[in-house]
Amino acid sequence: MIRRATSGHKYIFVVGGVMSGVGKGIASASIGKLLTARGLSVNLVKIDPYLNVDAGTMNPIEHGEVFVLDSGLETDQDMGNYERFLGRDLGADDYMTSGMVYRSVIEHERNLKYGGKCVEAIPHVRDEIVERLTRAAKVSGSDVSVVEIGGTIGDFSNALFIDAARVMHLKNPADVLFVMVSYLPVPGTLGEMKTKPTQNAVRELNGYGVQPDIIIARSTHPLDNRRKEKLAISCNVQPDRIISAPDVDSIYDVPLNFERDKLSDILLEELGQEGKNAPDLSEWKKFVESTHNGKKTVKIGIVGKYFDTGDFVLSDAYISVIEALKYSAYSEGVKPELHWLSAKEYEKNPASVGELKDYDGILVPGGFGETGIEGKIAAIKFARENKIPYFGLCYGMQLMVIEYARNVAGLKAAHTTEIHPKTEHPVIMILPEQVEKLAKSDYGGSMRLGAYPADLVEKTIAREAYGKETVSERHRHRYEVNPEYIEQLTKAGLVFSGVSPDRRLMEIAELPKKQHPFMLGTQFHPEFRARPLSPHPLFSAFIKAAIAKK
Ligand code: GLN
């Protein structure tokens with residue numbers, strides 16, 4: 001249907017058909033990217049239908065990385081993809097879970113906000129969803145909200161969200177669009193692409209009272225015309241509204257691929273927004289080209305604990321770190337070669353850290369708990385002694401401080417109170433405001449979270465890399481460098497090059513350049529601010545040092 005232009009805010013709901021894990025998040029991010037390229041301002045919203053109030057309490061092995069917004073909200077990793085594709089920060093209202101929605105409804109009920117009515121999923125929970133989406137749009141001031149409804153059609157848990165979208169469409173049909181991201185299998189035994197599961201998924205969506213306007217046909221192969229026609233006729237969608245979305249080498253190719261089927265024209269037409277500029281994707285294209293170029297490689301070892309699940313290496317837990325490394329490598333004209341090194345292995349067999357001599361750079365990402373910790377410390381020691389560029393993120397910084405305290409400052413028993421509460425030298429200790437929270441088992445959303453400023457010390461690697469005096473970075477931690485040890489560590493040669501404005505918290509630790517080419521750790525998570533079109537300065541400094549080592 002061609003819609004009348006209205007002045008209302010636009011919503012594009014993205015729902016999944018057939019199965020999960022086929023790239024609904026990247027499809028949503030790409031839709032956002034394309035609309036931005038047409039001059040519209042966009043907020044992307046992720047709906048996670050689970051009952052966790054946020055993603056912070058979920059195990060990264062099962063659920064992937066916990067992404068942190070400026071506001072401190074702990075979210076699904078899709079929010080990271082959204083920010084990276086859009087090149088802008090998203091707000092706390094741009095993320096919601098069933099747990100969050102239900103919690104508000106129950107709080108409203110306790111506060112008598114429903115005037116004595118019986119409180120029910122429909123209308124109360126559904127209305128709460130609509131209210132949150134409306135607020136997200138208002139707060140962001142965008143023209144269009146692209147809303148990804150997690151899960152697949154037919155799931156029990158996302159039904160209320162789909163119903164909320166249906167009601168929004170009913171009230172303003174010209175302002176609300178539905179995109180289904182579906183999957184077309186090509187069974188090996190048949191060697192033919194099958195449309196039936198998608199037909200069924202659309203029928204199931206119809207059962208909710210919703211008709212998709214656009215179908216994104218994910219598959220291993222491009223969609224041919226015959227199948228396009230077949231889908232069109234059986235799903236009640238115009239053939240040109242069915243977008244072929246075969247597997248691609250890199251997620252960053254996806255928006256460009258969608259444009260082959262003129263997706264941004266279709267979206268604008270459907271939203272009554274014709275007459276916008278031609279898409280400006282030149283910077284993006286340049287970036288995508290850089291991902292395919294580069295003959296020289298730089299070999300980075302990531303020492304962590306969240307990758308081994310059974311026979312599979314799962315790197316989703318570190319997706320922002322991986323992407324941040326890639327952006328900086330591409331912008332330096334090299335290909336990153338990332339290797340997953342098991343901290344548990346190094347712990348069991350400390351001599352095996354010797355293999356690290358073949359790496360151009362070593363990175364220890366964020367983490368929690370005891371598993372593999374001595375292995376990580378052994379790797380850090382090796383990097384320091386052998387002058388291999390080292391970059392430590394959060395736990396990786398804390399462990400770098402411990403290693404320095406133990407082996408250089410002579411505090412043999414140095415440790416973090418996270419692992420050893422009664423250690424003789426608690427060089428890393430719990431933040432005072434965290435003590436009470438842990439005593440009450442108040443784990444959810446209770447760490448030091450989100451964006452905080454740090455002042456940078458002159459003539460340090462950090463200051464040189466950022467090129468400015470003050471930065472704002474995102475945090476997620478409970479422990480910090482113990483102020484009682486700062487003097488001693490500084491005397492032993494460690495430089496705290498980034499500190500909180502009140503000088504209480506050490507945000508960056510590093511070794512002077514004349515001692516080590518790049519030995520630097522951050523209490524914050526710089527990876528959450530790295531974007532394809534603006535690589536993070538500290539990641540770039542690390543990659544440059546790694547290239548130089550090579
Ligand atoms: N476990 C450490 C802390 O709580 C580090 C956290 C992290 O790496 N995100 O402070």
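The values are calculated or read from the model by the stated rules, or taken from the named source; none is laboratory data. Predicted, not measured: the structure shown is a model, and the values here were computed from it. Cβ atoms come from the backbone with ideal geometry, glycine included; neighbour counts cover every protein chain shown. With ligands, DNA and RNA removed, areas are computed over all heavy atoms of the protein, side chains included. Shrake-Rupley method; radii C 1.70, N 1.55, O 1.52, S 1.80 Å.
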Could you tell me whether residue 35 is open to solvent by less than 20 Å² (accessible area, probe 1.4 Å) and assigned to a loop (DSSP other than H, G, I, E, B)? no
Go through the range 324-357 and report how many residues are open to solvent by 10 Å² or more (accessible area, probe 1.4 Å) and either within 22 Å of residue 386 (Cα to Cα) or of a type in the set (D, E, K, R) (or both). 22
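In the set 478, 503, which member is more than 16 Å from the ligand (Cβ to nearest atom) and of a type in the set (Lys, Arg)? Steps first, answer last, please.
Values: 478 fails: more than 16 Å from the ligand (Cβ to nearest atom).
Result: 503 is the single residue among 478, 503 that is more than 16 Å from the ligand (Cβ to nearest atom) and of a type in the set (Lys, Arg).
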Among 151, 188, the single one that is closer than 21 Å to residue 97 by Cα and in a loop (DSSP other than H, G, I, E, B) is 151
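Scan the range 197-211 and give yes if some residue there is in a strand (DSSP E or B) and surrounded by fewer than 14 Cβ atoms within 10 Å (Cβ to Cβ), otherwise no. Walk me through how you get there before you give the answer.
Of all residues in the range 197-211, those in a strand (DSSP E or B) come to none.
Looking through the range 197-211, none of the residues is in a strand (DSSP E or B) and surrounded by fewer than 14 Cβ atoms within 10 Å (Cβ to Cβ).
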Of these, 303, 248, 254, which one is farther than 21 Å from residue 33 by Cα and either out of contact with any Gly (no Cβ under 6 Å at 6 or more places or on another chain) or not in a helix (DSSP H, G or I) (or both)? 303
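Would you list the helices (runs of 4 or more DSSP H) that sit entirely within the range 330-431 and hold 2 or more residues that are among the basic types (Lys, Arg) and more than 16 Å from the ligand (Cβ to nearest atom)?
Working: elements: 343-348, 373-385, 395-407.
In the range 330-431, the matching helices (runs of 4 or more DSSP H) lie at 343-348, 373-385.
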Tally, over the range 363-384, of residues that are under 9 Å from residue 347 (Cβ atoms) and of a type in the set (Lys, Arg): 1
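Kindly indicate the residue of the range 311-329 that is touching a residue at least 60 places away in the same chain (Cβ under 8 Å) and among the small types (Gly, Ala, Ser) and also farthest from the ligand (Cβ to nearest atom) among those meeting that condition.
Our first condition is that a residue be touching a residue at least 60 places away in the same chain (Cβ under 8 Å); within the range 311-329, this holds for 314, 316-321, 323-325, 327-329.
Cutting the leftovers down to among the small types (Gly, Ala, Ser) gives us 317, 320, 324, 328-329.
Numbers: 317: 12, 320: 12, 324: 15, 328: 20, 329: 23 Å.
Ranking the candidates gives 329 first.
Inside the range 358-393, can you point out the residues that are over 25 Å from residue 548 (Cα atoms) and either free of Cβ contacts under 8 Å to residues at least 60 places away in the same chain or buried (at least 20 other Cβ atoms within 10 Å of the Cβ) (or both)? Give the derivation first.
To start, the set of residues in the range 358-393 that are over 25 Å from residue 548 (Cα atoms) comprises 366-375.
366, 367, 368, 369, 370, 372, 373, 374, 375, listed by residue number.
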Out of (1) free of Cβ contacts under 8 Å to residues at least 40 places away in the same chain; (2) farther than 21 Å from residue 53 by Cβ, the one residue 119 does not meet is (2)
Is there a residue in the range 449-471 that is open to solvent by less than 50 Å² (accessible area, probe 1.4 Å), within 21 Å of residue 363 (Cα to Cα) and within 16 Å of the ligand (Cβ to nearest atom)? no
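For the range 529-550, name all the residues that are outside any loop (DSSP other than H, G, I, E, B) and open to solvent by less than 10 Å² (accessible area, probe 1.4 Å). Give the steps one after another, and end with the answer.
As a first pass, look at the range 529-550 and keep what is outside any loop (DSSP other than H, G, I, E, B): 529, 531, 534, 537-549.
Answer for the range 529-550, where residues must be outside any loop (DSSP other than H, G, I, E, B) and open to solvent by less than 10 Å² (accessible area, probe 1.4 Å): 538, 539, 542, 543, 546.
Please determine whether any residue of the range 281-293 is farther than 30 Å from residue 361 by Cα and either surrounded by 13 or more Cβ atoms within 10 Å (Cβ to Cβ) or among the hydroxyl-bearing types (Ser, Thr, Tyr) (or both). Outline the logic, then answer.
The initial filter retains those residues of the range 281-293 that are farther than 30 Å from residue 361 by Cα, namely 281-282.
Right, trim to either surrounded by 13 or more Cβ atoms within 10 Å (Cβ to Cβ) or among the hydroxyl-bearing types (Ser, Thr, Tyr) (or both) and you get 281-282.
The answer is yes; a qualifying residue exists.
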Could you go through the range 225-235 and let me know if any residue there is open to solvent by less than 80 Å² (accessible area, probe 1.4 Å), of a type in the set (S, T, N, Q) and in a helix (DSSP H, G or I). yes
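I'd like to know if the range 475-497 contains one or more residues that are at positive phi, in a loop (DSSP other than H, G, I, E, B) and open to solvent by 30 Å² or more (accessible area, probe 1.4 Å).
Restricting attention to the range 475-497, the residues satisfying the condition of being at positive phi are 493.
Subsequent filtering for residues that are in a loop (DSSP other than H, G, I, E, B) retains 493.
From what is left, the residues that are open to solvent by 30 Å² or more (accessible area, probe 1.4 Å) are none.
Checking the range 475-497: not a single residue is at positive phi, in a loop (DSSP other than H, G, I, E, B) and open to solvent by 30 Å² or more (accessible area, probe 1.4 Å).
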Looking at the range 92-146, which of its residues are open to solvent by 40 Å² or more (accessible area, probe 1.4 Å), of a type outside the set (Asp, Glu) and not in a helix (DSSP H, G or I)? 111, 112, 113, 114, 115, 116, 117, 118, 119, 141
Pairs under 7 Å by beta carbon, first residue outside any loop (DSSP other than H, G, I, E, B) in the range 437-450, partner open to solvent by 60 Å² or more (accessible area, probe 1.4 Å), six or more apart or different chains? 450/71
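So, of the residues in the range 432-448 that are acidic (Asp, Glu) and open to solvent by 70 Å² or more (accessible area, probe 1.4 Å), which turns out to be nearest to the ligand (Cβ to nearest atom)?
So the first thing to find is which residues in the range 432-448 are acidic (Asp, Glu), and the list is 433, 436, 442.
With open to solvent by 70 Å² or more (accessible area, probe 1.4 Å) added as a condition, the list becomes 433, 436.
Working: 433: 13, 436: 16 Å.
Out of the qualifying residues, it is 433.
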